[in-house]
């Protein structure tokens, strides 16, 4: 099994009383709640945490992109990746991912990954995402064209990485008269592409297609949903006539390893609640702008809206019970991961070991315990 | 009595429409929420006109053709629609998104139009006077902000759409997003060409409109030569519902139509 140490870089010094007066930590949360000095301290802590992942034996460091939110301080994740390249030697660095439809010139994404890949001598993994719904409010990009723009930007970037230039790219949303990348990526044919997703069936089928076989990561979902989506990927691969490799099946999950189940919950319970309730949660008008999902998917989602329990606060107990978070003793955490591995065959585990307001000291202990008590069991 | 829902086809695009009354033809283009029910507004217009209320492509029970990606496409589709109607010149009216479509059509070609009535049309932006963001309003805010008289809001909130109706509302919302998300509810080029509208034009606006503030009426009035601007007091965005009788009377009074 491969292990990624993934980070969202939340703004931990959040005044939660103020935060809860607003409808989300995204888009509409007044930014006078942000303090630049405290922000600088967050970056320092988080870069130290991610850098330590190399010595702790992780295979990959993962960062990601979100805009106008206290949920994550990485509107430009490639800047963080660039800093990490300078602080590490061998570990892979995954940007999980860049939100392709949000840019009006995907050439920048192709260029930046090519630079990072070269500067790291081939250590980059390129995650391609669509961004979450709120980001279509933040950027003004029309969500009705989100899927189209994603596919087209993907085609442009991969062509820019692989086809001899100069050539012309003719699209609906993107038109580039001269595609001629300098520098080109270090890896041949290009950095691996991973597709983190919350499981839309369109994305699953697209990622599993034989000409792509992109590793698919299910993010922040219950045990049942992760199983469902990874099974859907496996089934899609079979539909295409091949068997998905375990490395194509990924699960992104917050994990906390404590001495005992009770201690783990006492140490991480509030932090995991802040992740889901205070940092991540948004009203559906923000989360699911029309077109972000296909119309049939959205119609099905809205019919089940009552069942999704949107709008109510989730407790640590619920998040642990349904497997959205893995929190417990080393034995419990090993069992939970093994259970998912047995159910799906996944071999790509993306752990988030700092989440919500979890402090530096507990994060360090969590990372060390995960490295010592969990990883060797799955190697 | 609402007329039956008809099926209509123009160059391979099937849409639904309602048609009732008698007189010179009037085509009414609905807003982003979808085809308006045949109520007091339609009854008043149908007492003077042959009222045609099409449902836009992409909405409700109509086809969603790949060829219609923005309001300019939609306006050209409606020129095809008018060609297919044949017959005499039509009185064209539209509310909100429908007003934007009607104005975009008229900028391109007025030769088939007898008059133009725009009810709080989308399509222009007034810098410094932001429109409301109906894409981020929750259902409660939407109902509150679309009407000045909150009894209409209460009725909207009390309505319990069936799952099938809910699906159609979502379909409408998808198409409205395609047409109006970015640039938000306007076409930066439209204001430069309003002088091309060479047909008698009425602009109606609710004084208390929270989606497109009444100040938006001014550039419309200034841009369209000879346009008549009327502001309806104590009214919100959906004039054809909240001020059904008043708005319809003003259109009749402006556009004429046969005597009852």
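The values are calculated or read from the model by the stated rules, or taken from the named source; none is laboratory data. From a predicted model like this one, the values you see are computed outputs, not experimental measurements. Counting neighbours? That spans all protein chains shown, and the Cβs are built from the backbone with ideal geometry, glycine included.
Quick notes
- Region B:157-175 - residue that is closer than 20 Å to residue B:144 by Cβ and at pLDDT 95 or above and, of those, farthest from the other protein chains (Cβ to nearest Cβ): B:158
Residues checked against (1) farther than 21 Å from residue B:35 by Cβ; (2) within 14 Å of another protein chain (Cβ to nearest Cβ):
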{"position": "B:92", "(1), (2)": "no, no"}
{"position": "B:140", "(1), (2)": "yes, yes"}
{"position": "B:147", "(1), (2)": "no, no"}
{"position": "B:154", "(1), (2)": "yes, no"}
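- Any hit, region B:234-241, residues being modelled with pLDDT of 95 or more, over 17 Å from residue B:40 (Cβ atoms) and buried (at least 22 other Cβ atoms within 10 Å of the Cβ): yes
Each row is one residue, and each column tells you yes or no for (1) farther than 28 Å from residue B:249 by Cβ; (2) away from chain A (no Cβ under 14 Å); (3) at pLDDT below 95.
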{"position": "B:177", "(1), (2), (3)": "yes, no, no"}
{"position": "B:184", "(1), (2), (3)": "yes, no, no"}
{"position": "B:192", "(1), (2), (3)": "yes, yes, no"}
{"position": "B:196", "(1), (2), (3)": "yes, yes, no"}
{"position": "B:204", "(1), (2), (3)": "no, yes, no"}
{"position": "B:209", "(1), (2), (3)": "no, yes, no"}
{"position": "B:215", "(1), (2), (3)": "no, yes, no"}
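- Whichever residue in region B:112-134 is within 14 Å of another protein chain (Cβ to nearest Cβ) and either in contact (Cβ under 8 Å) with a residue 60 or more places away in the chain or buried (at least 21 other Cβ atoms within 10 Å of the Cβ) (or both) and, among such residues, is nearest to residue B:91 (Cα to Cα): B:125
- The set of residues from region A:89-105 being under 29 Å from residue A:171 (Cα atoms) and part of a loop (DSSP other than H, G, I, E, B) comprises A:103, A:104, A:105.
- Residues (away from chain B (no Cβ under 14 Å), surrounded by 13 or more Cβ atoms within 10 Å (Cβ to Cβ) and within 28 Å of residue A:293 (Cβ to Cβ)) located in region A:172-188: A:174
- Of all residues in region A:116-131 being part of a helix (DSSP H, G or I) and touching a helix residue (DSSP H, G or I) at 6+ places or on another chain (Cβ under 8 Å), the one that is surrounded by the most Cβ atoms within 10 Å (Cβ to Cβ): A:116
- For region B:224-249, the set of residues classified as assigned to a helix (DSSP H, G or I) and touching a residue at least 60 places away in the same chain (Cβ under 8 Å) consists of B:239, B:240, B:241, B:242, B:244, B:245, B:247, B:248, B:249, listed by residue number.
- Consider region A:189-199 and keep the residues that are crowded, with 18+ Cβ neighbours inside 10 Å and touching a helix residue (DSSP H, G or I) at 6+ places or on another chain (Cβ under 7 Å). The one that is modelled with the lowest pLDDT is A:199.
For (1) touching a residue at least 60 places away in the same chain (Cβ under 8 Å); (2) within 30 Å of residue B:166 (Cα to Cα), each residue gets a yes or a no:
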{"position": "A:215", "(1), (2)": "yes, no"}
{"position": "A:220", "(1), (2)": "yes, yes"}
{"position": "A:252", "(1), (2)": "yes, no"}
{"position": "A:256", "(1), (2)": "yes, no"}
{"position": "A:264", "(1), (2)": "yes, no"}
{"position": "A:269", "(1), (2)": "no, no"}
{"position": "A:300", "(1), (2)": "no, yes"}
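- Complete set of residues in region A:212-238 that are part of a loop (DSSP other than H, G, I, E, B), surrounded by fewer than 18 Cβ atoms within 10 Å (Cβ to Cβ) and modelled with pLDDT of 95 or more: A:212, A:213
Matching residues to (1) within 19 Å of the chain's Cα centre (by Cα); (2) crowded, with 21+ Cβ neighbours inside 10 Å; (3) at pLDDT below 95:
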{"site": "B:3", "(1), (2), (3)": "no, no, yes"}
{"site": "B:20", "(1), (2), (3)": "yes, no, no"}
{"site": "B:26", "(1), (2), (3)": "yes, yes, no"}
{"site": "B:35", "(1), (2), (3)": "yes, yes, yes"}
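- Residues (without any contact (Cβ under 8 Å) to a residue 24 or more places away in the chain and surrounded by fewer than 19 Cβ atoms within 10 Å (Cβ to Cβ)) located in region A:287-298: A:295, A:296
- Of the helices (runs of 4 or more DSSP H) lying entirely inside region A:265-354, those containing at least 2 residues that are modelled with pLDDT under 90 and within 14 Å of chain B (Cβ to nearest Cβ) span A:295-303, A:305-308.
- If only residues of region A:269-286 that are farther than 29 Å from residue B:134 by Cα and touching a helix residue (DSSP H, G or I) at 6+ places or on another chain (Cβ under 7 Å) are counted, the one that is surrounded by the most Cβ atoms within 10 Å (Cβ to Cβ) is A:272.
- Index of the failed condition, residue A:135 passing every other in (1) within 14 Å of chain B (Cβ to nearest Cβ); (2) out of contact with any strand residue (DSSP E or B) (no Cβ under 9 Å at 6 or more places or on another chain): (2)
- The one condition in (1) part of a strand (DSSP E or B); (2) in contact with a strand residue (DSSP E or B) (Cβ under 6 Å, 6 or more places away or on another chain) that residue A:207 fails to fulfil: (1)
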